[in-house]
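No lab work stands behind these numbers, since they all come straight from the coordinates. Nothing here was measured: the structure is a model prediction, and the numbers come from that model. We place every Cβ from the backbone using ideal geometry, glycine too, and count neighbours over all the protein chains shown.
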Amino acid sequence: MKKNKLLSSIPNDKLLHFFYGSIISFISVFFIGIQGLWITVVIASLKEILYDGIMNKGTVDFYDFVFTCIPCLMYLILL
């Protein structure tokens with residue numbers, strides 16, 4: 001029961017960042033190897049800084065970056 005409340009309390013935006021981060025991480029690890037995880041970190045930081053911060057003149061959300069990079073940590077633990 002506590003797990004359902006925890007998962008339902010995570011905003012959909014953060015779950016989408018996790019989803020796309022896992023896709024980018026999988027593709028980069030598949031084609032490049034373990035060093036390909038840096039691609040996910042670079043894409044996540046560029047998205048937050050350039051797209052959200054400069055182009056949309058919005059605010060850069062650190063937690064969006066974190067949720068995009070969490071799959072990298074999962075791959076590092078598995079590999």
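A few remarks follow.
- Listed residues Thr40, Met55, Leu7: farthest to the positive end of the dipole of the chain (Cβ charges): Leu7
- Cβ charges +1 (Lys, Arg) and -1 (Asp, Glu), total dipole of the stretch 1-69, debye: 320 debye
- Shown is the FRET efficiency for Ile32 and Asn4, computed with R0 = 30 Å from the Cβ-Cβ distance and rounded to the nearest 0.05: 0.25.
- Gain in span if fully extended, Lys14 to Leu78, counting 0.36 nm per residue against the direct Cα distance: 20.8 nm
- Under 10 Å, Cβ to Cβ, from His17 - net charge with Lys/Arg +1 and Asp/Glu -1: -2
- Ratio Rg/Rh, restricted to the chain and using Cα atoms, in which Rh is the Kirkwood radius: 1.03
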